[in-house]
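Below is one structure, written out as structure tokens; comments come after it.
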Amino acid sequence: MFRMSEARNSLSQSVRKRINNEIHDLTTNTYFREIPLGDISEILEKYDVLLLQEDFMPWSGFLMGTDEQVNFTLGDKNQIKDNYGKDSRGEDMLAYEPFTNAMLAMSWYKMGSGKYEIVAYIS
């Protein structure tokens, strides 16, 4: 795989840098009507990286608040940890191996205009 380093479940520095460059291009000097988590997820998925929740399944949920800071676990789309069977639509419920050396750090601030200022990067 092109994005994995020699260490198991580690995101390579070169891929981390490419992802961070794309996230930087998305968020710099731009204010958003909503938090652009979908756009950030699309960037990650280009590199087979997923946002994960606590059970290592793909993240689902919503973001709230006017001034918050969150860290998301990241996982390798090609490293399945477990299959929990099928959901109500008949789709596989997969858990993924988290990266041991990377997470998405994101903060947002809702300005008086109603738009959000976003800072996000892979740490």
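The values are calculated or read from the model by the stated rules, or taken from the named source; none is laboratory data. Keep in mind that what you see is a predicted model, and the values were worked out from it rather than measured. Ideal geometry is used to build each Cβ from the backbone, glycine not excepted, and the neighbour counts take in all protein chains shown.
Structure summary
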| quantity | calculated |
| --- | --- |
| Any pair with Cβ under 9 angstrom, 6 or more apart, that starts in region 95-122 at a residue that is within 14 Å of Leu52 (Cα to Cα) and in contact (Cβ under 8 Å) with a residue 12 or more places away in the chain and ends at one that is among the basic types (Lys, Arg) and assigned to a strand (DSSP E or B) | Ala95/Lys81; Tyr96/Lys77; Tyr96/Lys81; Glu97/Lys81; Pro98/Lys81 |
| Selection status of Ser113, out of contact with any helix residue (DSSP H, G or I) (no Cβ under 7 Å at 6 or more places or on another chain), within 20 Å of Gly38 (Cα to Cα) and small (Gly, Ala, Ser) | no |
| Region 11-24: number of residues that are in a helix (DSSP H, G or I) and either free of Cβ contacts under 8 Å to residues at least 12 places away in the same chain or acidic (Asp, Glu) (or both) | 5 |
| Test: residue in region 103-121 that is polar (S, T, N, Q), under 18 Å from the mean Cα position of the chain (by Cα) and modelled with pLDDT under 95 | no |
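Yes/no matrix, rows are residues, columns are (1) touching a strand residue (DSSP E or B) at 6+ places or on another chain (Cβ under 6 Å); (2) assigned to a helix (DSSP H, G or I); (3) modelled with pLDDT under 95:
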position	(1), (2), (3)
Phe2	no, no, yes
Asn9	yes, no, yes
Leu26	no, yes, no
Glu54	no, no, yes
Ser60	no, no, yes
Asn83	yes, no, yes
